[in-house]
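What follows is a set of notes on a single structure, which appears directly below.
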There are 2 protein chains.
Amino acid sequence: MAEIQKLMAEIYLERDRRRGAERTLIWMLSEAGEVADAFLKRSDEDLRSEVADLLAWLLSFCNVVGIDLEEAILAKYGRGCPLCKSKPCRCPIR
Amino acid sequence: MAEIQKLMAEIYLERDRRRGAERTLIWMLSEAGEVADAFLKRSDEDLRSEVADLLAWLLSFCNVVGIDLEEAILAKYGRGCPLCKSKPCRCPIR
């Protein structure tokens, strides 16, 4: 994960910084919509490509705002569900 | 990344499967909105928490639909920008 975030920085950080956090976030939100679109169209190949794009834009956004995404997810989920504190999660299904 | 996807499966896969791909995707989209919300409110701590949640739901969604997210992102971005084929990316800024 940390290596993938670094790879994204190598490819995109300079451009992401020039574009700025706000427009990078809008791109990320647009990619979330494209995941939904590929899902509704039942295209497995497009869905793989769109989840990759969403992660790429999420990492670009994290790079611009200075968040280590691996650190952030492990801090919150590393010991199991942050709500019920167990693994597997025992919260009611929503 | 693969280890984090496995961790999310250990915590959530059974519940995610019972909830189903459609509702899991709706949760993921809702988390993308929460990232935007934390960004607009300029809360660094909330932003760290929300990007972690978005990744967690993206991984839950990938687990339910059977996509290996690390494999998907490396297949698309492993050799640099998929559009201009270079690293760093030389595409015009959008």
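Values in this text are rule-based calculations from the coordinates and carry no lab data. Only a predicted model underlies this, so the values are computations on that prediction, with no experimental measurement involved. Here the Cβ positions follow ideal geometry from the backbone for every residue, glycine too, while neighbour counts run over all protein chains shown.
Distance from the alpha carbon centroid of the range A:17-83 to that of the range B:9-39 works out to 12 angstrom. Across A:83, A:47, A:74, mean-square fluctuation computed from a Gaussian network of chain A (C-alpha pairs under 10 Å connected) peaks at A:83. Working from label points 7 Å from Cα in the Cα-to-Cβ sense, the residue A:83 to residue A:14 distance is 4.4 nm.
Once the label point is set 7 Å along the Cα-to-beta-carbon vector, what list of distances in nm do you get between residue A:87 and its counterparts in the other copies? The answer, with the shortest distance listed first, is 3.0 nm.
A Förster radius of 30 Å combined with the Cβ-Cβ distance from residue B:65 to residue A:71 puts the calculated FRET efficiency at roughly 0.65.
Taking a point 7 Å from the Cα of residue A:44 along the Cα-to-Cβ direction, the residues of the range B:47-73 with backbone N closer than 14 Å to it are B:65-68. Distances between copies at residue B:18, taken between label points 7 Å from Cα along the C-beta direction, are 5.1 nm in increasing order. Working note: Debye formula, equal point scatterers on the alpha-carbon atoms of the range B:13-94, no solvent; log10 I(q)/I(0) at q = 0.11, 0.15 Å⁻¹ is -0.43, -0.74. Structure shown: which of B:6/B:76; A:6/B:76; A:76/B:87; A:41/B:76 lie over 25 Å apart, alpha-carbon to alpha-carbon? Long pairs (Cα-Cα over 25 Å): A:76/B:87. Its Cα centre serving as origin, the protein assembly as shown has a Cβ charge dipole (Lys and Arg +1, Asp and Glu -1) of approximately 60 debye.
For the protein assembly as shown, the alpha carbon positions stretch 47, 37, 25 Å along the principal axes, listed from largest to smallest.
Here's the picture: charge each Lys and Arg Cβ at +1 and each Asp and Glu Cβ at -1 in the range B:1-81, and of B:11, B:43, B:29 the one pushed furthest to the positive end of that dipole is B:29.
Using C-alpha pairs under 8 Å with a sequence gap of at least 6, the mean separation divided by the residue count of chain B gives a relative contact order of 32 percent.
Can you tell me the FRET efficiency between residue B:26 and residue A:23 if r is taken as the Cβ-Cβ distance and R0 is 30 Å, rounded to the nearest 0.05? Intermediate values should be presented prior to the final figure.
Values: r = 26 Å, r/R0 = 0.85.
For residue B:26 and residue A:23, the calculated efficiency is 0.70.
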